[in-house]
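*Asks:* My structure is below; once you've seen it, I'll send some questions.
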Amino acid sequence: RAKGAGRDRSAVFDEAMRDEATRILDLEADLRRAINADAFEPHYQPIVRIADGVVLGHEALLRWSHERRGLLAPGEFIGVGEDSGLIEQVDWLLYARVIQDMATAMTEGYVSVNVSPRHFRSADFADRLLGLLSDANVDPARLRIEITEVALFDDAPRALRTLSNLRSHGVLALLDDFGTGFSALSYLHHFPIECLKIDRSFIAGLSTSQPESLAVIRAILALAGTLSIDTIAEGIETEAQRDALVQLGCVNGQGYLFGRPQGRAAT
Ligand code: C2E
Ligand code: MG
Ligand code: MG
Ligand code: MG
């Protein structure tokens, strides 16, 4: 009896594995079709001075307009995109859209785009991005890139070359989700990083008054101050969070309190 039950369980398990494999293959096939159809669009979320809401720039966030499932956020497909390597093609389609928007519409301040670690490591990343900007006649100083710590430390010399190349043309770099990765603080000043984006989880921790979140935010602000690096608090949803951040001396932020990501048509 016990043996039989065991066999049933493993049959159920096999089926679940098969379903998951099928789901990933379907998604990958959909993603390839979407790349051919250029079915991606940027949504823009304001980055503001939190004390008075003045808009400093926007973050471009990837959305996939899926033929059957509607608008998908990266959480639904980025894993498959990264594992299959398709994310690079998706990113280039998105950057082209963003730069087109920058060339044709007035945008306040800068626009930042997200870069997958693996994509950032490709040899021609900086030159290709600069090429897109110059083809569209867009001032590189209006564009910023958001990378994560993994992108830096995996191949530090190459990361340094890429960042220096971009910066010499005016493209500044922001470090995304800061505080969640290695946070190898001693390395930070070796890289030309303009700004640390304090991860949303710590801002969320402020409203549940988690002392660790407060301590991490304080430490990041102190570090950034010492290194003369700017900061942006991510995921500010409530006035209480904003007020606490202002108290802590955090100047810039982003979050639903100030504006959700919106498509061009809606803005
Ligand atoms: P991220 O770069 O850290 O982006 C911030 C995420 O937090 C976005 O999710 C944004 O919609 C969400 N967010 C902003 N304000 C709030 C808030 O107040 N509360 C909450 N709960 N969430 C907020 P999204 O758009 O789903 O993007 C998720 C992640 O996907 C991004 O995290 C980024 O790592 C990645 N991603 C986005 N666009 C691209 C892209 O064009 N290329 C690549 N490679 N990755 C992208
Ligand atoms: Mg980002
Ligand atoms: Mg982030
Ligand atoms: Mg994040």
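The values are calculated or read from the model by the stated rules, or taken from the named source; none is laboratory data. Bear in mind that the values here come from a model prediction, so they are computed numbers and not experimental data. No Cβ is skipped: glycine too gets one built from the backbone with ideal geometry, and neighbour counts run over all protein chains shown.
*Asks:* Across the stretch 182-224, what is the number of residues that are out of contact with any Phe, Trp or Tyr (no Cβ under 7 Å at 6 or more places or on another chain), part of a helix (DSSP H, G or I) and within 16 Å of ligand 1 (Cβ to nearest atom)?
*Replies:* 8
*Asks:* Would you confirm whether any residue within the stretch 44-64 is charged (D, E, K, R), in contact with a strand residue (DSSP E or B) (Cβ under 9 Å, 6 or more places away or on another chain), farther than 18 Å from Arg142 by Cα and at pLDDT 95 or above?
*Replies:* Yes, that holds for at least one residue.
*Asks:* Within the stretch 133-160, how many residues are surrounded by fewer than 18 Cβ atoms within 10 Å (Cβ to Cβ) and within 12 Å of Tyr95 (Cβ to Cβ)?
*Replies:* Residues flagged as surrounded by fewer than 18 Cβ atoms within 10 Å (Cβ to Cβ) and within 12 Å of Tyr95 (Cβ to Cβ) within the stretch 133-160 amount to 2.
*Asks:* Same structure, new question: Give just the number: which of (1) closer than 21 Å to Tyr110 by Cβ; (2) away from ligand 1 (no atom under 13 Å from the Cβ); (3) at pLDDT 95 or above; (4) exposed (fewer than 15 other Cβ atoms within 10 Å of the Cβ) does Ser228 not satisfy?
*Replies:* All conditions pass for Ser228, except number (3).
*Asks:* List the number of the failed condition for Val216; all other conditions in (1) at pLDDT 95 or above; (2) over 20 Å from Glu194 (Cβ atoms); (3) away from ligand 2 (no atom under 16 Å from the Cβ) hold.
*Replies:* In the conditions (1) at pLDDT 95 or above; (2) over 20 Å from Glu194 (Cβ atoms); (3) away from ligand 2 (no atom under 16 Å from the Cβ), Val216 misses (1) alone.
*Asks:* Could you say which residue among Leu206, Leu185 is crowded, with 21+ Cβ neighbours inside 10 Å, over 18 Å from Val113 (Cβ atoms) and free of Cβ contacts under 8 Å to residues at least 40 places away in the same chain?
*Replies:* Residue meeting the stated conditions: Leu206.
*Asks:* Among Gly205, Gly255, which is modelled with pLDDT of 95 or more and within 16 Å of ligand 3 (Cβ to nearest atom)?
*Replies:* Just one listed residue meets the conditions, Gly255.
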